[in-house]
Amino acid sequence: KENVLVIQNDREIEEERLRFKEILSRHSGILDVSFSTGIPALNRFMVRDYSVGSESSAMGLRWFEIDEDFVNTMNLKLIDGRNFQANMASDSMGIILNEQAVKELGLTEPVGKEIIINKGADDKRTVRVKAVVQDFHFESMHNEIKPLGMEFLRGYSIKDYISVKIAPGKLESALEQIEEAWHILEPQVPITYSFLDSDFDALYHSEKQLESVFNIFSTLSVLIAGLGLFGLATYTAQQRKKEIGIRKILGASVTNLILVLLKNFSMLALIGLVLATIAIALGAEQWLSSFAYRTHFGLEQFLIAFMATGGILLVSVFHQVFKAATGNPVEAIKNE
């Protein structure tokens, strides 16, 4: 999805599609250009009824139309059959299916099979399977990959999209060429475009908001916890001043005193960390379960959290603990 520019083409460029492609092909930074009535990352897709044979029942599949350059532009992987060819008359009634569509339709050796679209409707037609593409994500990963049929693009009656694959590092000059070509063919309508990776990011807008909220409150909670630990360390050091002085007089080393003082804080931090780990693991697993395709927690995430907690603990309390452990024991006892 990187470096793919998507232009909203609300029938502005219709019969001039080939000329638009020809103008853009002159630029070395533009790798592929395709027209289609749908693209990955749309909020919704049209559905058509598909059936195999006159006796079989119809099932709804996602559907849109593509030209002969769409597969290359989107870098789709053909696993059976061949791509559309503009100079092949038979391809005008062709269709490319994804793996899930082949599975749902119960097809074996699908290439060459005839499929009836919208059986019983006024726009009923029969198409022939030209190829099968490897399943790819065209919706949010909250959803399982749905069956998809991509029919050969013929007419100009439906709003379509122009997808332009741009070479890395050539974005600025390619954009100039695209805008120039657009204004040549459609000077009255401003060009409207987006980038495919940004369109995919928009599918996860609520997750991005959740991330921001968690980042803010996590930072606040760490600051509050650190201040609390610092205050507790100061209070504890004052309360145990006489004990520390006596221990030093009896031969306790600075290292031993630091370990004794850190022990209480470490136990508190460990208890809090265990409780937080349980809550986070349950909550995150519940959140991740809303995705059909998702990652899983590994031990490394929790190890990082343990190390970070230890670091925050040391930063928060070490100064006070070290100050108490290295102080003059005579002064500590005398003050008491």
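The values are calculated or read from the model by the stated rules, or taken from the named source; none is laboratory data. The shown structure was predicted, so the numbers you read here are calculated from the model rather than taken from an experiment. Because the Cβ atoms are built from the backbone with ideal geometry, glycine has one as well, and the counts that use them run over all protein chains shown. These area figures cover heavy atoms from the full protein model, side chains too; ligands, DNA and RNA do not enter into them. Shrake-Rupley method; radii C 1.70, N 1.55, O 1.52, S 1.80 Å.
For the range 14-32, what are the residues that are over 15 Å from LEU171 (Cβ atoms) and assigned to a loop (DSSP other than H, G, I, E, B)?
Within the range 14-32, GLU14, GLU15, GLU16, ARG26 meet the criteria.
Pull up the range 136-186, narrow it to residues that are among the polar types (S, T, N, Q) and either in a helix (DSSP H, G or I) or open to solvent by less than 80 Å² (accessible area, probe 1.4 Å) (or both), then point me to the one that is nearest to ASN83 (Cα to Cα).
Here the answer is SER163.
Out of all the residues in the range 315-324, is one or more open to solvent by 70 Å² or more (accessible area, probe 1.4 Å), more than 30 Å from GLU139 (Cβ to Cβ) and modelled with pLDDT of 80 or more?
no
Look at GLY310 and say whether it is open to solvent by less than 40 Å² (accessible area, probe 1.4 Å), within 25 Å of the chain's Cα centre (by Cα) and at pLDDT below 85.
Here the answer is no, as GLY310 does not meet what is asked.
Of (1) in contact with a helix residue (DSSP H, G or I) (Cβ under 8 Å, 6 or more places away or on another chain); (2) farther than 16 Å from THR192 by Cα; (3) at pLDDT 90 or above, LYS21 satisfies all except one. Which?
(1)
Would you mind finding the one in GLU207, GLU211 that is open to solvent by less than 50 Å² (accessible area, probe 1.4 Å), assigned to a helix (DSSP H, G or I) and charged (D, E, K, R)?
Every option except GLU207 fails the conditions.
How many residues, within the range 3-13, are in a loop (DSSP other than H, G, I, E, B) and modelled with pLDDT under 90?
4
Can you tell me which residues in the range 224-240 are open to solvent by less than 70 Å² (accessible area, probe 1.4 Å) and under 21 Å from ASN328 (Cα atoms)?
ALA233, THR234, THR236, ALA237, ARG240
Is one or more of the residues making up the range 191-201 at pLDDT 90 or above and part of a loop (DSSP other than H, G, I, E, B)?
Checked against the condition, which is being at pLDDT 90 or above and part of a loop (DSSP other than H, G, I, E, B), the range 191-201 yields at least one hit.
Scan the range 254-273 and give yes if some residue there is over 30 Å from ASP135 (Cα atoms), open to solvent by 40 Å² or more (accessible area, probe 1.4 Å), of a type outside the set (D, E, K, R) and in contact with a helix residue (DSSP H, G or I) (Cβ under 6 Å, 6 or more places away or on another chain), otherwise no.
yes
Mind listing whichever residues of the range 1-23 are in contact with a Ser or Thr (Cβ under 8 Å, 6 or more places away or on another chain) and surrounded by fewer than 19 Cβ atoms within 10 Å (Cβ to Cβ)?
The one that is in contact with a Ser or Thr (Cβ under 8 Å, 6 or more places away or on another chain) and surrounded by fewer than 19 Cβ atoms within 10 Å (Cβ to Cβ): GLN8.
Out of ARG26, ARG62, which single residue is open to solvent by 50 Å² or more (accessible area, probe 1.4 Å), over 29 Å from HIS205 (Cβ atoms) and of a type outside the set (A, V, I, L, M)?
Of ARG26, ARG62, the one residue that is open to solvent by 50 Å² or more (accessible area, probe 1.4 Å), over 29 Å from HIS205 (Cβ atoms) and of a type outside the set (A, V, I, L, M) is ARG26.
Exactly one condition in (1) in contact with a helix residue (DSSP H, G or I) (Cβ under 6 Å, 6 or more places away or on another chain); (2) surrounded by 21 or more Cβ atoms within 10 Å (Cβ to Cβ); (3) at pLDDT below 90 is not met by SER34; state its number.
Of the numbered conditions (1) in contact with a helix residue (DSSP H, G or I) (Cβ under 6 Å, 6 or more places away or on another chain); (2) surrounded by 21 or more Cβ atoms within 10 Å (Cβ to Cβ); (3) at pLDDT below 90, the odd one out for SER34 is (3).
Tally up the residues in the range 70-103 that are in a loop (DSSP other than H, G, I, E, B), open to solvent by 40 Å² or more (accessible area, probe 1.4 Å) and in contact with a helix residue (DSSP H, G or I) (Cβ under 8 Å, 6 or more places away or on another chain), please.
Going through the range 70-103 one residue at a time, the tally reaches 1.
Within the range 45-69, work out how many residues are closer than 19 Å to LEU153 by Cβ and either free of Cβ contacts under 8 Å to residues at least 40 places away in the same chain or in a loop (DSSP other than H, G, I, E, B) (or both).
6
Can you find, within the range 123-135, the residue that is farthest from TYR204 (Cα to Cα) among those that are part of a strand (DSSP E or B) and not charged (D, E, K, R)?
Step by step, filter the range 123-135, then rank; the result is THR126.
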